[in-house]
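So the structure is just underneath, and the comments pick up after that.
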């Protein structure tokens, strides 16, 4: 036990004397969270649009007013002819052009039909799609309010978005970021710290010492469990105070699950380091092999259900996918443990598998 | 019982045969030296002795324990200093020493007597990071760390490479003292002058041991007459001497050339005239005793 403690103390020396490691450990979570939270957002606010009103009557004015007062859109320019449309898109300020046909109000009164054209800038398809949907929503609302005076029959959908009433993007990013950062920090840091000993030749002396492989492995992991756990807390606190992401469910459960995920990531990092001998390769492996799948194949940004079948299958082998499900379930839905038993079980399985493999692959000799 | 017994060991790497039929023994309390150029196989051999590598053939025992089967027990008993500086440069001198002490389940205080001579020299710098020590001090620290658990066998891979002459001398003084306290020491060195400080030396080249004997006897086995020649231009001197067909070996030794002949030696007069003709000045020719290095050079060319 004393040997093990001595080893852990040494590891802490390494970490606290390397300011770059410290910076990565504690700077990265904060910076990433703020970046993701502020910069990458799926919400539409003040999108600039242009309006080409060919009839200029009461109805089109009312609709324009509704659109512009919705808070989503800002009028960039009133166009006078269809020739200008191409130009405003090319200038790049305008994301969408709304065109009312001639005699809009007259047609509406006479035939009950009027034409409005929505042209979106689909060089950014997601945004274009969303803007068009918003406008359509505003139009149909207006139509309903018109009909309310005339027709007795109507269907009024009453929409309520559960767990994220305001459809905030941060709600999605905080769980995803937590998975990504914990994965990155834990796996990267441990794999680096073991391969560094190999590179510096100190592993040779550790091997010749009476330390057992399991002592070396756990000694390496132990400090990082601690530090990564601190990171998890930082993310939760920042998410809550800066972005108002709530923890509806049990905080203790959330922290325990985070701890489990950290252990999983750490054991993966050790597995990586047992198979590589240089810090460079370990870093590349951790970054490329862990980062991309964590971001792309975990449901962090892109929903798993919409992927091609093969990728969906691949997703089932990505531990972060389960962790993200777990955090969302606890943080946003406030679910208890029995709703996440399956995911927890899978994470435990991954952890045991990785530890088993690393202890097996750990070489008690050189080469 | 021998401290180390190596019996017909062989080790291959993918392309090269690193060790070829190596056998030797080291007595308890003996200071045993391995001398050979880089790539001779010294480090591979030492890694087998320290249980870090497994030999392809043959058997090696350390304190009667098999390096393959009983590797855990052996690791408690040996002190090892790898060729490359292998301490933590971001830890202080004191922290390094404490770390190795704890890892081996002991404390610095417990075995301080053993390392006092060595450690007292670097103790004034104990708060300094190990990475910022000079070459000689690094080696002293590494030796202290290798000794802190009171090993019965000490295995040192080129401990004095890259260390200044004074520190080298001090280092060997310490080894002698350790040897006198009963520790068996196996040491590799590329420096021939250090060989004469060992009890016995093994000359190793291309993975083969070419001779094992006490340094004084190695010199006696030198089979030829040896001459040292000096002139103002050592470079062309070597070239001109190599042109003589009767030459066996012509090697540069500092500022002089050591030469030996295939059969009967040529007379000093003949050499003198020959070199004068070639335009050399300040020629000095003397008959000398072979050093270990001469013996080694002689053994090296034997296979050809």
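What follows is calculated from the coordinates using simple rules that are stated; it is not laboratory data. Bear in mind that the values here come from a model prediction, so they are computed numbers and not experimental data. For neighbour counting, all protein chains shown are included, and Cβ atoms are generated from backbone atoms with ideal geometry for every residue, glycine included.
One table, with the values for the structure above:
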quantity	calculated
Sorted peptide list for A:187-196, A:132-141, B:54-63, criterion being average Cβ within 10 angstrom, highest first	A:187-196, B:54-63, A:132-141
Isotropically averaged projected area of segment B:222-301, using the convex hull of Cα atoms (one quarter of hull area), nm²	4.8
Compactness of segment B:4-215, expressed as Rg and Dmax over alpha-carbon positions, Å	16.6, 48
Burial order of peptide ranges A:320-331, B:160-171 (average beta-carbon count within 10 Å, highest first)	A:320-331, B:160-171
Gyration tensor verdict on segment B:3-78 (Cα atoms; rounded if a/c is under 1.5, prolate if a/b is larger than b/c, oblate otherwise)	oblate
Protection proxy ranking of B:109-122, A:18-31, B:188-201 - average other beta-carbon atoms within 10 Å, highest first	B:188-201, B:109-122, A:18-31
Inter-centroid distance (Cα atoms) of segment A:319-349 relative to segment B:214-250, Å	80
Relative contact order (percent, whole number), chain B, Cα cutoff 8 Å, 6+ residue spacing	20
Cα centroid separation, segment B:1-32 to segment B:143-213 (Å)	16
Segment residue A:28-residue A:309, extension gain: residue separation times 0.36 nm, minus the distance between their alpha carbons	97.8 nm
Mean Cα-pair separation over length for chain A, i.e. relative contact order, pairs under 8 Å, 6 or more apart, %	19
A:15, A:262 arranged by Cβ crowding within 10 Å, fewest neighbours leading	A:15, A:262
Helix axis angle, A:319-331 relative to chain A longest principal axis, alpha carbon, degrees	60
Gyration tensor (alpha-carbon) shape descriptor, segment A:159-228, a/c threshold 1.5	prolate
Per principal axis, descending, Cα span of segment B:93-166 in whole Å	33, 28, 19
Space enclosed by the convex hull of the alpha-carbon atoms of segment B:163-231, per residue, Å³	145
Angle in degrees between helix A:28-38 and the longest Cα principal axis of chain A, rounded to the nearest 10	10
Förster-model FRET efficiency, 41 Å R0, residue A:84 and residue A:145, C-beta, rounded to 0.05	0.85
Intensity falloff of segment A:271-367 expressed as log10 I(q)/I(0), Debye formula with alpha-carbon point scatterers, at q = 0.13, 0.16, 0.19, 0.21 Å⁻¹	-0.59, -0.82, -1.03, -1.13
Computed E for residue B:213/residue A:317 - FRET, C-beta separation, R0 60 angstrom, nearest 0.05	0.40
Three-way shape label, segment B:119-213, alpha-carbon gyration tensor, a/c 1.5	prolate
Cβ neighbours within 10 Å from other chains - mean over A:196-209	6
Least to most buried among A:123, A:82 (fewest other Cβ within 10 Å first)	A:123, A:82
Residue mean of other protein chain beta carbons inside 10 Å, B:43-54	3
Square roots of 5 times each gyration tensor eigenvalue, C-alpha, segment A:1-84, largest first, Å	62, 12, 7
log10 of Debye I(q)/I(0), alpha-carbon scatterers only, for chain A at 0.07, 0.08, 0.10 Å⁻¹	-0.46, -0.56, -0.76
Potential lengthening between residue A:162 and residue A:18 on full extension [0.36 nm per residue; Cα-Cα distance subtracted]	47.3 nm
For A:3-12, mean number of other protein chain Cβ atoms within 10 Å	3
Inter-part distance where segment A:73-140 and segment A:207-245 are each reduced to a Cα centre, Å	52
Chain B: angle of helix B:93-103 to the longest principal axis, Cα-based, in degrees nearest 10	60
Residue order, fewest to most beta carbons within 10 Å, for A:155, B:288	A:155, B:288
Angstrom value of the Kirkwood radius, inverse mean 1/r, which spans all Cα pairs in the protein assembly as shown	31.8
